[in-house]
Amino acid sequence: MQDLPAPSLALAQPPAAAVPAGEKPALAAVALGLLALLVAAADADAARARLSLCLALALVVGGALGWAWLAFGRREAGWHPHDLWRRASTSRGTVAWATGVALTGFYAVLYWLPGLLTNLIRAVDPASQWLRHQPADQWFLYGTFYTLAVLVLGGRALWKYRFSRYHLARTASVMFFQLGFGFLLPGLLLALQQPEYYFSYFWPLKYDYLFPATVGKLLHGGGLGVFMVFWGVMLSFLATPVLTYFFGKRWYCAWVCGCGGLAETAGDAYRHLSDKSRQAWRWEVRLIYPILGLITLLTALLWVGASGAVPALRFVTGPLGQFYGFVIGSVFSGIVGVGFYPLMGSRVWCRFGCPMAAYLGLLQKHFSRFRISTNGGQCISCGNCSNACEMGIDVKQYAQRGEPIVRAACVGCGLCATACPRGVLNLENGPRAGRLAGSAFIHADALRIL
């Protein structure tokens with residue numbers, strides 16, 4: 001994707017080319033890789049399917065990284081709009097709809113029709129046996145694809161934001177946590193006959209880690225299981241408030257979380273699609289905080305039921321847990337959260353459904369030192385900051401008035417400050433005193449020409 005080659009005085013600019021000619025071979029390799037992936041999924045012969053899968057991954061990875069270099073590596077480092085609003089793939093055009101349908105279809109098959117993935121699962125079985133000493137299943141296949149997406153499109157992000165040390169470090173961090181803590185370490189634990197545990201996820205995002213049945217199972221698993229329970233409790237109720245006090249929710253949402261990692265890498269091209277309207281904000285509040293309340297209530301009811309004090313609670317907690325797991329854990333976080341990237345932006349789940357984001361957001365807004373300060377006197381109302389915000393915050397409105405941004409939704413990705421051509425925005429972890437005070441603003445009637 002490239003900017004217009006030369007400025008024009010015409011009021012109406014010509015539409016951007018669908019794909020610049022130099023990038024077509026790399027994207028053709030990606031398309032061939034996806035075709036080879038379909039061949040692998042349809043081939044019942046395990047050896048041929050494995051060969052097709054290896055070919056598919058080589059083409060997709062090589063094509064995607066080659067395209068990233070062609071699109072971003074050859075131009076001068078810096079912030080560029082890349083014509084995102086004028087391309088069918090990133091402006092809710094035909095390509096975007098096709099991509100959304102493909103992603104939602106994959107999640108539907110993953111959750112409810114895993115038999116259709118049998119050939120692909122067999123193809124990755126040697127990798128599962130090597131890492132986990134267990135046969136592959138659909139979740140190992142999904143974890144493999146998920147991790148590859150973060151790593152490969154993380155490479156794209158490294159090329160695109162190579163001018164910013166902050167974004168280089170942030171991208172490398174989410175790549176590291178997904179590969180190490182989200183893929184390799186859980187597999188290694190299974191190989192050692194230990195419970196599969198994801199140390200980068202904890203309650204309320206990984207809600208079942210503090211359910212009585214899970215805690216009991218871990219405690220009976222020996223010293224490592226006891227440490228896992230201790231880790232989950234400490235991270236959920238002690239480390240999270242402390243880290244959020246000092247750094248805001250960005251320490252987790254933009255640096256550690258696998259959901260955020262996918263959004264910041266695979267979803268980066270769609271960040272401008274987030275709805276900035278007040279109606280969208282109202283829906284955000286109506287959905288995300290009740291979801292946090294629901295999982296908190298379910299966790300409390302399960303513990304009361306496990307105590308034996310109210311035996312009849314099992315008739316409530318069972319259906320409530322199934323409802324939460326299906327609607328929130330599957331449909332919202334998977335099908336909608338990722339499948340709707342090309343239509344609603346990359347942080348649909350984080351913005352509207354993630355209970356961890358709600359928990360961190362409340363801490364950030366009311367108890368944190370973090371804020372984004374603005375210098376209203378320098379704002380030229382270009383709108384780059386709002387366009388770059390994936391959480392639906394109309395940053396420009398704050399910048400124009402010189403008001404600090406202290407919003408529960410903000411994940412502190414820092415792209416708004418990066419996109420600003422005037423240096424109006426600054427991410428700060430300063431003292432809480434004066435945190436809500438705006439910057440000095442020079443009004444026109446305060447100026448004297450003579």
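Peptides 418-424, 285-291, 252-258 ranked from most to least packed give 252-258, 418-424, 285-291, packing being the mean of other C-beta atoms within 10 angstrom over each peptide's residues.
Per Stokes-Einstein, at 10 °C and 1.306 mPa s, what whole-number D in µm² s⁻¹ belongs to the chain, with the Kirkwood radius over Cα pairs as the hydrodynamic radius?
Details: Rh = 23.8 Å.
This corresponds to a translational diffusion coefficient of 67 µm²/s.
Any idea what the dipole of region 319-429 comes to, in debye rounded to 20, about its Cα centre with Lys/Arg Cβ at +1 and Asp/Glu Cβ at -1?
Working: 9 positive and 4 negative charges, 34 e Å.
Using only the charged Cβ atoms, the result is roughly 160 debye.
Choose one of CYS54, TRP67, VAL39: the residue whose Cα lies farthest towards the positive end of the charge dipole of region 16-75 (beta-carbon charges +1 Lys, Arg; -1 Asp, Glu; about the Cα centre). Comparing the listed Cα positions along the dipole, TRP67 ranks first. Mind checking which lysines have their C-alpha under 30 Å from LYS217, skipping anything on the same chain fewer than 8 residues away? Once the sequence-local lysines are set aside, what remains near LYS217 is LYS206. Quick check: from the Cα gyration tensor, does region 369-446 come out rounded (a/c under 1.5), prolate or oblate? Because a/c hits 1.5 or more and a/b fails to exceed b/c, region 369-446 counts as oblate.
Rounded, prolate or oblate: which fits region 71-116, taking a ≥ b ≥ c as square roots of the Cα gyration tensor eigenvalues, rounded meaning a/c under 1.5, else prolate when a/b beats b/c? Mind showing how you got there, number by number?
Values: a/c = 4.75, a/b = 2.33, b/c = 2.03.
Prolate is the answer for region 71-116, as a/c is 1.5 or above and a/b outweighs b/c.
Hey, got the dipole for the chain? About the Cα centre, +1 on K and R Cβ, -1 on D and E Cβ, debye to the nearest 20? Present the calculation step by step, with values, prior to reporting the outcome.
On the way: 37 positive and 19 negative charges, 202 e Å.
Value, rounded to 20: 980 debye.
Cross-link partners for LYS24 among the lysines, with Cα-Cα distance under 30 Å and sequence neighbours closer than 8 places in the same chain left out: LYS160. Ranking PRO195, PRO404, GLY267 by Cα position along the charge dipole of the chain, where only Lys, Arg, Asp and Glu carry charges on their C-beta atoms, puts PRO404 farthest toward the positive end.
Straight-line cross-link partners of LYS396 among the aspartates and glutamates, defined as a Cα under 17 Å from its Cα and at least 8 positions apart when in the same chain: ASP275.
What is the Å³ per residue value for the convex hull set by the Cα atoms of region 293-410?
Working: hull volume 12.4 nm³, N = 118.
Taking only Cα atoms, region 293-410 has a hull volume of 105 Å³ per residue.
Region 255-330 and region 173-212 have Cα centres lying 19 Å from one another. Shape class for region 16-75: prolate, because the ratio a/c of the largest to smallest gyration tensor axis (alpha-carbon atoms, square roots of eigenvalues) is 1.5 or more and a/b beats b/c.
Coordinate-derived values only; no laboratory data. Computed from a prediction, not measured in an experiment: that's the story for all the values here. Methodologically, a virtual Cβ is constructed for each residue, glycine included, from the backbone with ideal geometry; neighbour enumeration extends over all protein chains shown.
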